[in-house]
Amino acid sequence: MRTDAVRTAQWSLDDDGATVRIRDLVPGDHDQLERLHESLPPRDQYLRFFTPGRVNAERYADSVLDGANTAHPVLGAFRGDLLIGTAGYAASERPATAELAVAVAHDAQAHGVGTLLIEALVSRARSAGIAVLTADVLAENGRMLRVLTDLGLPVRCERDDEVVHVTIALDPGERYRAAVDARERSADLASLTPVLRPRSVAVIGAGRTAGSVGHAVLRNIIRAGFTGTLSAVNPHALSILGVPCVSSVEMLAEAPDLAVVCVPATVVLPVLAECAARGVRAVLVITSGVTGELAARARDLVRAHGMRMVGPNCLGIANTAPDIRLDATFAAEPVPAGGIGVLTQSGGVAIALAAGLGLAGTGVSTLVSAGDKVDVSGNDLLHWWTADPATTAVLVHLESFGNPRRFARLAQTLSAAKPVVVVRAGVSAAGSRAAGSHTAALATPAVTLDALYRHAGLTAVDSVNEAVEALALLTTQPLPAGPRTAIVTNAGGAGVLAADACARYGLTVPDLAEQTLRALRGGLPLNAAVANPVDTTATVGADVLAHAVAHVLRDDSVDAVIALCVPTALGDPAPGALRMAEVAHRSGKPLLLVRLGGQAACGHEGEPAVPVYAEPHAAVRALAHAARRRAWLDQPRPRAHPVVDLDREAVDRVLAAHPDGGWLDPRQSLALLAAAGVPVEAGRVVPVGGAVEAAVADLITAGRPVALKAVTDGLLHKREAGGVALGLTDRGGIETAVDALRAGFGDRLRGVFVQPMAGPGTEVLIGVRGDERFGPLVVCGTGGTRAESGEHGARLCPLSEVDIVELSGGDPLVDAVLRRVAHLAEAVPEIAELDLNPLIVTDTHAVAVDARVRLAPVSRVDPLRRALRG
């Protein structure tokens with residue numbers, strides 16, 4: 001049921017950030033393979049073949065390509081059309097074991113090409129059931145030994161005289177994942193340097209009039225004070241805005257690091273070809289209308305020549321670092337300098353985010369409007385910001401994900417070090433309308449994306465304003481240790497609004513300690529309310545408010561303080577709250593200020609800075625985001641372990657019976673769950689004509705009532721459709737139930753599922769929605785007839801121990817079943833939909849009494865394989 005997607009050619013980056021294409025070698029590559037081995041210096045040939053003489057390259061190429069097959073794959077690495085390296089394996093006599101061989105052109109060595117080939121071969125081997133790769137390496141070949149031992153996989157080296165026998169276990173645990181990510185990050189940084197830190201820029205299509213995009217981009221680069229060399233290309237001008245101008249790319253005095261392309265879509269390809277010929281390292285394609293086949297050709301062209309491309313159809317990029325000062329956008333206003341990395345697809349959203357961050361005083365470190373993301377994607381930028389010391393937080397607005405699983409893993413690494421705020425997009429529920437299971441109906445795009453964001457530790461928001469408000473807090477204040485919030489205000493009504501908002505956003509307003517209450521009574525007017533929220537009365541000034549805030553900050557029952565101030569004719573108490581910034585900073589508690597009736601957007605005031613908001617709910621919402629981030633950072637997230645091993649033989653029997661996928665009948669569905677160790681109430685599917693006798697026999701054997709369920713395609717709500725008869729205790733009731741099923745479903749009734757009744761208990765739904773891009777989504781919550789109306793949680797696999805506790809509500813019986821179902825979902829990606837509904841849970845046991853499973857063919861795509869988008 002699995003289609004092998006790993007044979008598709010893929011583009012990757014070597015250690016220098018140059019593009020390399022990896023694909024299977026075919027007979028047409030014979031001459032290149034022969035030339036590659038002929039070109040190896042004698043020393044390289046000796047290290048590869050253990051012989052001091054010249055190798056017959058033609059004969060070797062014949063033997064390699066003649067034997068290339070599933071058991072003996074041979075991969076090639078190409079720079080443009082030139083073969084620069086090969087790697088392959090041959091199955092050995094030992095089970096699940098193969099011998100590895102690698103050769104890289106001398107000039108391409110020490111650039112990560114061999115590692116890329118081996119990673120691709122590891123992926124191929126694992127998909128073929130190979131568990132171990134072996135290699136014999138000369139002890140003096142230190143470079144190859146380092147390549148193998150640095151992979152991140154378990155490696156054993158045994159020396160026998162001049163030869164080292166290397167055994168590599170293909171067990172890609174966390175160490176391998178971390179090693180692959182580190183190698184990819186290093187390569188990405190190298191490839192993005194000419195994009196985001198160029199030493200020279202050329203604007204191609206720089207118009208002479210102010211109404212053109214190219215003119216606007218050139219003007220903004222000049223306005224920002226770009227520190228590198230700037231030139232322009234326009235066949236009708238000698239200079240534009242004082243910048244030297246040439247008639248074509250080939251006439252440029254030097255090849256620029258970055259070319260900004262602002263030409264009509266019809267000539268983008270010729271311009272990109274000129275850039276490639278001139279040696280340009282990266283291109284920013286502002287032009288819109290480069291879609292479909294044209295976009296694919298543009299991507300292939302730039303990758304074949306080792307360039308990176310941002311866009312097309314984008315606003316541009318900016319880097320506000322003092323040593324770069326690049327604003328290659330056509331925005332009307334300058335991109336404000338600061339510490340936030342911004343990634344969007346939409347140019348309009350990029351402009352709005354930059355403006356909001358400027359008003360808030362946080363500003364932008366680097367901004368990338370990725371447009372159609374034909375080449376450079378969000379995953380590339382996550383690597384950049386993880387390593388960029390100038391970026392203190394990241395703000396993302398993406399309308400689509402090319403590789404969501406990889407995005408989640410990279411974002412999780414970034415989020416562990418820096419706040420990442422995501423503006424939600426692409427959350428239409430239209431895709432759930434045709435769902436065939438309760439879980440699929442619940443797993444809307446919004447639910448799936450929120451599960452992705454939660455898994456990665458991202459702060460998800462619904463608007464530009466909410467994003468800016470959250471970052472104003474996350475970039476200036478310590479994170480609160482918990483949800484306990486104290487409110488200090490000179491307007492009692494505003495305090496009530498803030499307290500209501502706390503309840504709405506999951507924060508608490510605790511009672512203050514008696515010591516705090518005494519201190520407040522001693523410093524506030526007699527008619528002040530010292531209980532939380534603290535109402536100082538409207539008559540107090542800045543000094544009195546500062547006194548109140550200071551005492552509340554010292555209270556051990558408080559995790560954060562919000563000061564709400566309204567200026568009156570007697571004065572403005574807000575400066576008093578700002579004076580407490582240093583006290584708050586030393587206490588490790590966030591301090592937020594709300595200036596009611598003041599500015600329309602949030603910002604910063606004071607030093608240390610205090611975030612300032614215009615409305616209580618905005619401050620509370622930002623604080624709630626900070627509290628959730630602190631909770632995510634504080635919780636260890638070890639991967640959840642299954643309770644029992646999977647019965648792989650039982651699973652394979654079910655899969656073999658449905659090679660093309662489709663819905664399983666109830667017995668097969670329960671059998672699949674039982675293979676994962678889920679306790680099930682067994683039953684059997686019988687022909688309609690024999691249903692009465694079978695049910696009567698089971699009634700006698702089980703000694704308890706039986707249930708009859710219709711077996712028919714496309715039936716989701718069986719009870720509502722009359723497809724379930726429960727609690728049958730005699731032949732008469734059974735006969736009536738079977739007659740009712742016949743009458744209700746007619747020819748659609750393919751059989752009857754007969755099952756002993758389980759005892760009473762709480763009905764729980766546990767389900768899975770398979771997704772090749774996002775991975776399995778596990779849903780848990782209210783089951784039975786209220787499966788789609790009750791409360792549910794959803795998490796993406798792999799589940800952590802924290803995920804298990806949050807989904808199960810701490811119930812150990814539900815916990816155990818969740819582990820088993822999640823393990824099944826990961827081990828059997830062919831599961832497209834799974835409903836375990838209901839799981840009957842009592843004080844002593846849990847049992848699955850009904851299940852629906854739909855299988856679907858899947859492509860085996862290795863999420864650990866390094867590959868560029870597309």
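The values are calculated or read from the model by the stated rules, or taken from the named source; none is laboratory data. Note that the structure is a prediction, hence the values are computed from the model and not measured. Cβ placement follows ideal geometry from the backbone for every residue including glycine, while neighbour counts extend to all protein chains displayed. In case anyone asks, the SASA skips ligands and DNA or RNA and just uses the protein heavy atoms, side chains included. Shrake-Rupley method; radii C 1.70, N 1.55, O 1.52, S 1.80 Å.
Miscellaneous remarks
- Portion, in percent, of the accessible area of the chain that falls on carbon or sulfur, probe 1.4 Å: 53 percent
- With contacts taken as Cα pairs under 8 Å and at least 6 residues apart, region 581-697 reaches a relative contact order of 15 percent.
- Accessible surface, 1.4 Å probe, highest first, among residues Tyr613, Tyr505: Tyr505, Tyr613
- Projected label points at Ala631 and Leu269, each 7 Å from Cα along the beta carbon direction, are separated by 5.3 nanometres.
- The gain in end-to-end length when the Ser288 to His72 segment is fully stretched comes to 73.3 nm, 0.36 nm per residue minus the alpha carbon separation.
- Förster-model FRET efficiency, 35 Å R0, Phe49 and Ala96, C-beta, rounded to 0.05: 0.85
- Accessible surface, per residue, of region 430-570 when the full set of protein chains is kept, probe 1.4 Å, Å²: 39 Å²
- Shape class of the chain from the Cα gyration tensor (axes a ≥ b ≥ c, square roots of the eigenvalues): oblate, since a/c reaches 1.5 or more and a/b does not exceed b/c.
- Using the Cβ-Cβ distance between Thr537 and Arg586 with R0 = 35 Å, the FRET efficiency computed as 1/(1 + (r/R0)^6) comes to roughly 0.80.
- Calculated FRET efficiency, Asp652 to Ala481, Cβ-Cβ distance, R0 = 45 Å: about 0.35 to the nearest 0.05.
- Centroid-to-centroid, using Cα positions, region 377-413 and region 604-669 are 18 Å apart.
- Protein-only accessible surface order, largest first, of Tyr60, Tyr89 at 1.4 Å: Tyr60, Tyr89
- Paramagnetic reach from Ala9 (point 7 Å along Cα→Cβ, amide N under 16 Å) across region 279-319: 296-307
- Principal axis extents of the C-alpha atoms in region 624-709 (largest first, rounded to whole Å): 62, 34, 24.
- Between Ala169 and His106, full extension at 0.36 nm per residue minus the direct alpha carbon distance yields a gain of 19.9 nm.
- Counting only protein chain heavy atoms and rolling a 1.4 Å probe, the accessible areas of Phe49, Phe226, Phe407 rank, largest first, as Phe49, Phe226, Phe407.
- Placing +1 on each Lys and Arg Cβ and -1 on each Asp and Glu Cβ, with no other charges, gives the chain a dipole about its Cα centre of roughly 1020 debye.
- Shape call, region 259-305: gyration tensor on alpha carbons, a/c limit 1.5: oblate
- Loop chymotrypsin sites (Phe, Trp or Tyr not before Pro), region 321-401, which have at most 15 other Cβ atoms in a 10 Å radius of their Cβ (DSSP): none
- When both bridge partners sit in the chain, DSSP labels roughly 60% of those beta bridges antiparallel.
- Dimensionless Rg/Rh of region 246-327 - Kirkwood Rh, Rg from C-alpha atoms: 0.97
- Gyration tensor (alpha-carbon) shape descriptor, region 323-403, a/c threshold 1.5: oblate
- Residues listed by number, region 339-359, amide nitrogen under 11 Å from Glu399 label point at 7 Å toward C-beta: 345-349
- In region 116-232, the DSSP beta bridges split such that about 75 percent are antiparallel, to the nearest 5.
- Convex hull projection area averaged over all views, region 670-778, Cα basis, nm²: 8.2 nm²
- By the equivalent-ellipsoid construction on the alpha carbon gyration tensor, region 763-863 comes out with semi-axes of 23, 15, 12 Å, ordered largest to smallest.
- Anchor Lys709: aspartates and glutamates whose Cα lies under 17 Å away (excluding residues fewer than 8 positions away in-chain): Asp665, Glu681, Glu693, Asp698, Glu720, Asp730, Glu735, Asp739, Asp747, Asp835, Asp850
- Computed from label points 7 Å out along Cα-Cβ, the spacing between Glu720 and Arg177 is 3.8 nm.
- Spin-label model distance (nm) - His845 vs Glu140, 7 Å beyond Cα toward Cβ: 7.0 nm
- Helical runs (DSSP H, four residues minimum) scored at -39500 (n - 2.57) apiece and divided by the length of the chain put the mean residue ellipticity at 222 nm at -11000 deg cm²/dmol.
- Ligands, DNA and RNA aside, Met307 has an accessible area near 0 Å² when probed at 1.4 Å.
- Relative contact order for the chain, counting Cα pairs under 8 Å that sit 6 or more residues apart, in percent: 9 percent
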